[in-house]
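The values are calculated or read from the model by the stated rules, or taken from the named source; none is laboratory data. This is a predicted model, so every value here is computed, not measured. As a convention, Cβ positions derive from the backbone with ideal geometry for all residues, glycine included, and neighbour counts pool all protein chains shown. Accessible surface areas use protein heavy atoms only, side chains included; no ligands, DNA or RNA. Shrake-Rupley method; radii C 1.70, N 1.55, O 1.52, S 1.80 Å.
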Amino acid sequence: MTTKVLIIPAAGAGSRMQKDTPKPFLQLGNQTILEQTIRRFLPLDGLQQVLVATSGSFVQKTENILKKVLPSEIKGGCLVGGKTRQESIYNALQEVFAADLVIVHDAVRPFVKLQHVQHCCSAARQYGGAVLGVPAKDTIKRINDQQEIKETPSRKYLWQTQTPQVFQRDLLVRAYKQALEDDFVGTDDSSLVERLEETVKMVEGDRSNFKITYPLDLEVAELLIKKDK
Ligand code: C5P
């Protein structure tokens, strides 16, 4: 069986949500968003450790959540994140026990399906890395600083990338070390691995795995949670 560690970055300020509480700690149904998200992964075969990166003032609350949701065979850990998502994950990687795969999943994507996580894990095992995504539905433009359109890439090759992003542990550690050395900051984990010219597969998921970012996303999430009951 492949052993797995789950890293959840939850240290963002959530300024786009216009609320004082960071998004992972907002209530969704009868639980916090973070709790809903962690629960999605609990039936995953071989999951041994769950690490959550959060801001200093939410460490205690996160530890309580981990105690409440994790069964005794899965070790929980909470650590203080950094200024960027990348720094938060780098800090978490220092605490990872030996494991075959590292799964990174945003705290604010509580609707991920277990079957899609499993597909990513199988592909990462085979190829090195795999991320979940969906084909771009809008036409995407590349613009310049004056907001003039410079290019319309073919939609055939454009996908919106989500999490989980899953990698063989040694590959991900190497990618994060190299990014630090080169001062490279990416907005996801895959971009760090791509720089090493290693293979990362795109696995098709669905649009219910959206990232709760704006107030409208939270309204949609509340409707979906009610429907799930
Ligand atoms: O900012 P963005 O929407 O890309 O955040 C994605 C995830 O990364 C969120 O779960 C957020 O809490 C987390 N994050 C983090 N540390 C930061 C910034 C974001 O753990 N410094």
**OP:** Pairs to check: 23/75; 113/211; 23/201; 4/83; 23/61; 61/177. Give those whose C-alpha atoms are more than 19 Å from each other in this structure.
**Re:** 23/75; 23/201; 4/83; 61/177
Subject >> Cut-off under 5 Å, modelled amide H: who pairs with residue 3 long-range >> reply: 100, 101
Subject >> Cα-based radius of gyration of the range 123-229 once divided by 2.2 N^0.38 Å, which approximates compact folds >> reply: 1.29
Original post:
Looking only at 207, 125, 16, which one moves most when the chain is put into a Gaussian network model with springs between Cα atoms under 10 Å?
Top reply: 16
Original post:
Which peptide among 1-11, 62-72 comes first, and what is the full order, when sorted by highest mean count of other Cβ atoms within 10 Å?
Top reply: 1-11, 62-72
Subject >> For the chain: relative contact order, % (alpha-carbon pairs under 8 angstrom, 6 or more apart) >> reply: 24 percent
**OP:** Could you order 83, 177, 156 so the one with the most accessible surface comes first? Probe is 1.4 Å.
**Re:** 83, 156, 177
Original post:
Along the three principal axes, how long is the range 4-228 when you take its alpha carbons, biggest first, rounded to the nearest angstrom?
Top reply: 51, 39, 32
Original post:
Taking the chain as a Gaussian network, where each spring joins two C-alpha atoms under 10 Å apart, which residue of 103, 38, 143 fluctuates the most?
Top reply: 143
